[in-house]
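Heads up: the structure comes next, in structure tokens.
The numbers here are math on the coordinates, done by the rules we state, and not lab data. Quantities reported herein were computed from a predicted structural model and do not represent experimental measurements. Note that each Cβ is placed from the backbone with ideal geometry, even for glycine, and that neighbours are counted across all protein chains shown.
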Amino acid sequence: MAVITVEPGRWRSGLVVLALALGLSAAPASADVERRLDRIERLLDGGTLMDMSRLQDRMRQEVQELRGEFELMQRAIHDLERQQRSLYEDLDLRLQALEQGAGDTQPGAVVPDTPGLDAEFDLEADLDAMDGETDISAADAEANGDSAAEAAYQEAFDLLRDGRYERAGQAFRAVLENHPGTLYAENALYWLGESYYVVRDFDAAMEQFEAVAADEDNNKRPDALLKKGFIHYERGQWDQARSTLEQVRDEYPGSTVATLAENRLQRMRDEGR
């Protein structure tokens, strides 16, 4: 055992105290280290670190999901701003046309598909193109020879033109039920779809338009195909919208519906759809 010699003098008492302190503190310090090591071993054995790792992974995943939702919200806000801006631009164009005395659309005229048109504007374009008349000519009406069907159809059409869409839908359904097999019933099916389309009930509208489009002899088939493409566009179903609009453009070249279909296709290209 080593002997420590302490020189006499004024530092003697201080060194003795230090030595005693070191000797006394050695045992408690060693015990504290042992306790800490035991605690770490228990943590490792209990899988606490694994739980913390899983928690960190879960938090990282949630952050990524929140970032994705935030980006989607930003995109939606951008689309709404663009649509609102387009609506204002369209309204301004309409007002300018009225001020210049060019607000009356002639029968058969091509109605431009201005970016930002919603379902109501689409319907207005359809109705304006007929210049106050129904889509059944006097010759066709005479050939059908059903005055009751004609009166019921005209009443429903007037309700649609007045913007009373729910009542118009009821009236067109009455034509379908009471005058089946007539030209009025064929056209009523299309305009029933329009009464749903204008209030953005796209599921009900699509059902009517599909029924019209399935009948190749129905004179409203081109319009029904066009509206099917528009509904796919509104739903964000870009591939279906593109194929349907291309079908309209290719099957009815040079027609108003073909022009409208190509305008919407160009709009999709401009939007990167």
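Overview of results
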{"read-out": "Calculated FRET value between residue 269 and residue 239, using beta carbons and R₀ = 22 Å, to 0.05", "value": "0.95"}
{"read-out": "Taking 255, 53 and counting other C-beta atoms within 10 Å, the order from fewest to most", "value": "53, 255"}
{"read-out": "Qualifying GluC sites (Glu not before Pro) in region 179-266, DSSP loop, other Cβ atoms within 10 Å at most 10", "value": "216"}
{"read-out": "Ranked list, fewest to most other Cβ atoms within 10 Å of each Cβ, for 147, 195", "value": "147, 195"}
{"read-out": "Two-site FRET efficiency, residue 215 against residue 60, from Cβ-Cβ distance with R₀ of 45 Å, rounded to 0.05", "value": "0.25"}
{"read-out": "Fewest-first ranking of 201, 217, 270, using other Cβ atoms within 10 Å as the exposure measure", "value": "217, 270, 201"}
